[in-house]
2 protein chains.
Amino acid sequence: MTDGPSGYLAVDSGGSGLRVAVGVPGGPPSAHGESKEPVRTGARGIDPGHLLEQLLPLARALSVQAGLPRLDTAVVGAAGFATLGDGLRAELPDALARELGVRTVALAADAVTAYVGALGLGPGAVVAAGTGLIALGTDLVRWRRADGWGHLLGDCGSGAWIGRAGLEAALRARDGRDGGSASLLAHAEEAFGPMPGLPGRLYPRSDRAAALASFAPRVASCAAADPVAAGILRTAARHIAESAAAVCPAEGEPRIALTGGLFRMGDPLLTPLEEELTARLPYARRVPAEGDPLHGSVRIAAALAAGSLGLPGDDERMLQVVGVARN
Amino acid sequence: MTDGPSGYLAVDSGGSGLRVAVGVPGGPPSAHGESKEPVRTGARGIDPGHLLEQLLPLARALSVQAGLPRLDTAVVGAAGFATLGDGLRAELPDALARELGVRTVALAADAVTAYVGALGLGPGAVVAAGTGLIALGTDLVRWRRADGWGHLLGDCGSGAWIGRAGLEAALRARDGRDGGSASLLAHAEEAFGPMPGLPGRLYPRSDRAAALASFAPRVASCAAADPVAAGILRTAARHIAESAAAVCPAEGEPRIALTGGLFRMGDPLLTPLEEELTARLPYARRVPAEGDPLHGSVRIAAALAAGSLGLPGDDERMLQVVGVARN
C-alpha cells in the first residue's frame, strides 16, 4: 500500500453534472474537480458505469494534485438515489474499492448531503429547492422526508410549481377568466411567444419541469406590483413551510435551513416564507445554510473517518454506509 | 353523377377514435360507423392521410348502406383542430371532393361540434370536459373560448386536474403535510401501488394526463365522507364556472350546457357546480346538452345544406367552411 496521509473522496452528482473534492478528513478539500455531464438514468436507474466513467479519472487526477495517494473514504451523494439508486448500491462500493482502494463507502440521497451541507450532523430540518423541492429532517433517530414527488404530483412551492402557477395566471388573463394577470401574460409572451403555440412547444419537451421553472423568476419580478404574482409566491411560501413543518423535530430547539437555487429569488419569496415558518415552527431557529451538498459529502467523510457519523444510517434509500474489503 | 338524394357525411375525430354518420340533411343519421383507432398526430399536426385512410372506406360503406350515393356535404370535427389542424385544412377539402364527390366541407374544432351538439345554432356557452376541459361560447358574432390549455397549463377543473389534486392530497397525507387525506392515500395505493414507486411509473408515460384523470372518480367517491376530497371538487366546480363565465354572452338570456365524460361523475361535482354557475351567471339558463359532438357535426351539415349556418365561421381555428369544385 502507498504511504502518505489517508484522504477522502466527496462527490455530488446532480442535474448539472458531477462535482468532486478530495482532502484530508476534518480539513477543507485540497482539490476540486467537476464534470458537466449529468449521470445518465437508464432502465436500471442511475447508471453506475456512466458515473464511474467520469468519477474515476477525476478522482485519480485530484488525488495526485492533492498529494493524497490513499483515498480511504468515499461519500457519493446523488440526485434520484432514493428511488433510482439500485445500480449504485449494487456496483459502486466494490468498484471504488477495486479502482481506488477505498475502504468505506457512503451512498446518500442528494437531500441528505444537502441537509448535512446546510446543518452539519445535528438535528433539524432542511428544505432543498430549485426546479423541484424536498424537505428533510431528523431528530438523529430517523429521517423524515416530505414532498420531492416531482412537478405533477408535488414539489409544491418549487421553481416548477411557481412557474406553472404563473403561466396559468397568464392564460387566465388571456381567456378573461378570474385569477388572471396581464403583467404575467406580457412576460409569458416575451418568454415563450404567442400563447396559442405554447402547448405545442411545451408538452413534447422532455425537460418540462425545467421549462416551467424558467418562468419563476418572472413571477418574482412581478410580485411587487402585481397581487396575482404576489399571491402565487405567498402560496408557494405556505407550501414550503408545510413541508418544513412535516419533517422538523417536534422537540428541543431544532435548526431550520433553506438551500438551493430557489431561494436566490430573494425577498418576494423569502419575506412571506419567513412569516410562514415563524407561524408554523415558532420553536425552531432559522439559520443560514452553512454549505452546499458537496460540502455535505465532505462532512460525512470527515465524520466516517472519525468514526462518529451520528446520523440515521439504517434507511438505505437515504444514507447507506458500506465497509469494503481492499484488494 | 349518380342520381338519388343528396346526403351528408358527419365526423367526430377524438381521442378514442373516429365516429362517422351519413344521412339526409335535416333528418337523423341513416347509418353510423366507427373506427377505434385515434387519428395520429405527427410533426405536421393531425395526420390527414391517417384520417382519410380510416374515413374513406367507412364513408363509402355507410353511403351504400344508407342508399345515399351522393354525399354533398361533409363536416369534420376534430380534437386538436385549433392548434394542430394545418394538415387537415390543407388536404381534407380536396381529398373529400376527389374521393367522395363532396361539394362543401366544414372543418371544426371538436369544441365547436360539442357546442352545436349540445346547444344547436343559438347563442350560449358550453363546457366540454373529460380528461381535459374547454369552454366555448358565442353571441353568434364571434366565438369565445377559455382554457383547453392542457394538464400542465390549465384544463382547470378537468378530470386530469381533479385526479392530480387527489394524488397530491394522498402524498400530503403520506408525508404528514397539511392538506392530506388518508382515504385518498388508501385509494392511491390501491390504484397505483406503493407511493414511492409512483413517480417512476407516472413520469415516463406518454399518457400522463389520462393517468391522472383515471384517479378522478376515486376523488368523487370519497367526497361524501372526506372534506379534502369535497374541497377538491368544490374548487374544480369553481374553475369550471370561471371558464363558463369567461365565454358566456353577457346580454340576453343565454343557455349554458355541460357535455363530456367528466359530468358523469354526478352529484359530488354537479351539486357545487350548479351553485357556482348560479352565482356567476344568474341570468343564464342551464339546459341539458341535447347531443354529443357527432350530433353537432350532423347539425352543422343540415344547416350548411339549408344555407343557414348562422355561426361565426370566420375564425379558421374554430370553424371553416370550404366550397370545393367537384371533379
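What follows draws every value from the coordinates through simple rules; no lab data is involved. What you see is a predicted model; the values in this text were computed from it and never measured. All Cβ positions, even for glycine, are placed from backbone atoms using ideal geometry, and neighbour counts span all protein chains on display.
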Checklist entry - For the pair A:Glu275 and A:Asp178, what calculated FRET efficiency results from E = 1/(1 + (r/R0)^6), where r is the Cβ-Cβ distance and R0 = 25 Å, to the nearest 0.05? => result 0.45
Checklist entry - Residue-wise, which Karplus ³J(HN,Hα) couplings in Hz belong to segment B:31-39, taking 6.51 cos²θ - 1.76 cosθ + 1.60, θ = phi - 60°, and x for glycine or proline? => result 8, 10, x, 8, 10, 7, 8, x, 5
Checklist entry - Relative to the longest principal axis of chain B, what angle (0 to 90°, nearest 10) does the C-alpha long axis of helix B:159-175 take? => result 20
Next on the checklist: Could you compute Rg(Cα) / (2.2 N^0.38 Å) for the protein assembly as shown, with N its residue count?
Outcome noted: 1.14
Item to check | Value in Å of the Kirkwood radius, where segment B:159-286 supplies the Cα pairs that are averaged | outcome: 15.6
Next on the checklist: Tell me the volume per residue, in Å³, of the convex hull enclosing the alpha carbons of segment A:49-157.
Outcome noted: 132
Checklist entry - Cα centroids of segment B:32-82 and segment A:1-53: how far apart, whole angstrom? => result 58
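Per-residue ellipticity at 222 nm for chain B, helices alone: DSSP H runs ≥ 4 residues times -39500 (n - 2.57), over residue total, nearest 500 deg cm²/dmol?
Numbers: 12 runs with 141 residues, N = 327.
It comes out at -13500 deg cm²/dmol, rounded to the nearest 500.
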Next on the checklist: About the Cα centre, and with charges only on the beta carbon of Lys, Arg (+1) and Asp, Glu (-1), how big is the dipole of the protein assembly as shown? Nearest 20 debye, please.
Outcome noted: 300
Next on the checklist: Could you tell me the calculated FRET efficiency between B:Arg286 and B:Ser221, based on Cβ-Cβ distance and R0 = 30 angstrom, to the nearest 0.05?
Outcome noted: 0.75
Checklist outcome for this item: Listed with the fewest Cβ neighbours within 10 Å leading, A:Ser308, B:Ser6, A:Ser35, B:Ser158 appear as A:Ser308, B:Ser6, A:Ser35, B:Ser158
Checklist entry - Looking at B:Pro93, B:Ala78, B:Gln65, which one has the Cα that reaches farthest to the positive end of the dipole of segment B:43-116 (charges on Cβ: Lys, Arg +1; Asp, Glu -1)? => result B:Gln65
Checklist outcome for this item: If each K or R counts +1 and each D or E counts -1, the residues other than B:Ala245 whose Cβ falls under 10 Å of its Cβ total -1
Checklist entry - In square nanometres, what is one fourth of the surface area of the convex hull spanned by the alpha carbons of segment B:100-211? => result 10.7
Checklist entry - Please identify the GluC sites (Glu not before Pro) of segment B:229-277 that satisfy two criteria: DSSP loop assignment and at most 12 other Cβ atoms within 10 Å. Which are they? => result B:Glu251
Item to check | Environment charge of B:Pro293, counting only residues whose C-beta is closer than 10 Å and scoring Lys/Arg +1, Asp/Glu -1 | outcome: -2
Item to check | Rounded to the nearest 20 debye, dipole of chain B from Cβ charges on Lys, Arg, Asp, Glu | outcome: 200
Checklist entry - Expressed as an acute angle from 0 to 90° and rounded to the nearest 10, what is the orientation of the C-alpha long axis of helix A:227-247 relative to the principal long axis of chain A? => result 30
Item to check | Listed residues B:Val141, B:Val76, B:Val11, most fluctuating in chain B (Gaussian network, C-alpha, under 10 Å) | outcome: B:Val141
Checklist entry - Between A:Glu190 and A:Arg264, what is the spin-label point distance in nm, taking each point 7 Å from the Cα along the Cα→C-beta axis? => result 2.0
Item to check | Residue order, fewest to most surrounding Cβ atoms within 10 angstrom, among A:Phe81, A:Phe192, A:Phe215 | outcome: A:Phe192, A:Phe215, A:Phe81
Next on the checklist: Net charge around A:Gly166, counting only other residues with Cβ within less than 12 Å of its Cβ (Lys, Arg = +1; Asp, Glu = -1)?
Outcome noted: +1
Next on the checklist: How compact is chain A by the rule of thumb for globular proteins, expressed as Cα Rg over 2.2 N^0.38 Å?
Outcome noted: 1.07
Checklist entry - Where does helix A:182-192 land angle-wise versus the long Cα axis of chain A, in degrees 0 to 90, nearest 10? => result 50
Item to check | Point-to-point label distance, A:Glu253-A:Glu37, nm (Cα→Cβ direction, 7 Å offset) | outcome: 5.0
Checklist entry - At what distance in nm do the modelled label points of B:Arg44 and B:Tyr203 sit from each other, each positioned 7 Å from its Cα along Cα→Cβ? => result 3.6
